[in-house]
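See below for the structure under consideration.
The values are calculated or read from the model by the stated rules, or taken from the named source; none is laboratory data. Computed from a predicted model, the values in this text were never measured in an experiment. Methodologically, a virtual Cβ is constructed for each residue, glycine included, from the backbone with ideal geometry; neighbour enumeration extends over all protein chains shown.
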Amino acid sequence: MRWMKWIGILSALLLVVSCFTPWVFIASKNITVSGVDATGTNFGKPGYFHFIMAGIYILFTLVPKVWTQRSNLLICAFNIGWAVRNFIIIPTCQMGDCPEKKSGLYFTLLASILMLVASLFPDIKIDQTKGSGAK
């Protein structure tokens, strides 16, 4: 399934782009929070972890080795865990002030899920000439 590799790479690029789009809008402070700009809040910059994971994912997807494809599952698990954490924590109501969710937060979660699904179908050729040892 060669096309799944490209869906995964496009999903990783969507993940990077979605970190620059607005995630939530806090009306009381007139602040728009994205993955790389959370000025005025204590969220930090959660998009940078996604950048690292997307870069490693793309690199491992392009290298046709079994260990890289297996490592991509771990990378995607960390990435989707971070995306779910951001999806839960960032739009949480604090002191009666509930932020409005924006599309970037949804796209981050969607891209992370697509990366995980694409990593489940690696494009790798396994050499069948080596037997299991039985004669």
Could you list, in sequence order, the residues of segment 89-123 that are surrounded by fewer than 12 Cβ atoms within 10 Å (Cβ to Cβ) and either at pLDDT below 75 or not polar (S, T, N, Q) (or both)?
ILE89, CYS93, MET95, GLY96, ASP97, GLU100
Qualifying residue in segment 95-104 (condition: on the phi < 0 side of the Ramachandran plot and part of a helix (DSSP H, G or I)):
yes
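Yes or no, residue by residue, for (1) within 28 Å of LYS125 (Cα to Cα); (2) in contact (Cβ under 8 Å) with a residue 40 or more places away in the chain:
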{"site": "ARG70", "(1), (2)": "yes, no"}
{"site": "PHE78", "(1), (2)": "yes, no"}
{"site": "ILE88", "(1), (2)": "no, no"}
{"site": "PRO91", "(1), (2)": "no, yes"}
{"site": "ASP97", "(1), (2)": "no, yes"}
Restricting segment 23-46 to residues that are in contact (Cβ under 8 Å) with a residue 60 or more places away in the chain and not in a loop (DSSP other than H, G, I, E, B), the residue that is surrounded by the most Cβ atoms within 10 Å (Cβ to Cβ)
TRP23
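Taking SER28, is it of a type outside the set (A, V, I, L, M, F, W, C), modelled with pLDDT of 95 or more and within 19 Å of LYS102 (Cα to Cα)? Quick ask: steps written out before the conclusion?
Working: of a type outside the set (A, V, I, L, M, F, W, C): yes; modelled with pLDDT of 95 or more: no; within 19 Å of LYS102 (Cα to Cα): yes.
Taking the combined requirement at face value, the residue does not satisfy it.
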Quickly run through segment 71-104 and pick out the residues that are farther than 13 Å from PRO46 by Cβ and out of contact with any helix residue (DSSP H, G or I) (no Cβ under 9 Å at 6 or more places or on another chain).
LEU74, THR92, CYS93, GLN94, MET95, GLY96, ASP97, CYS98, PRO99, GLU100, LYS102
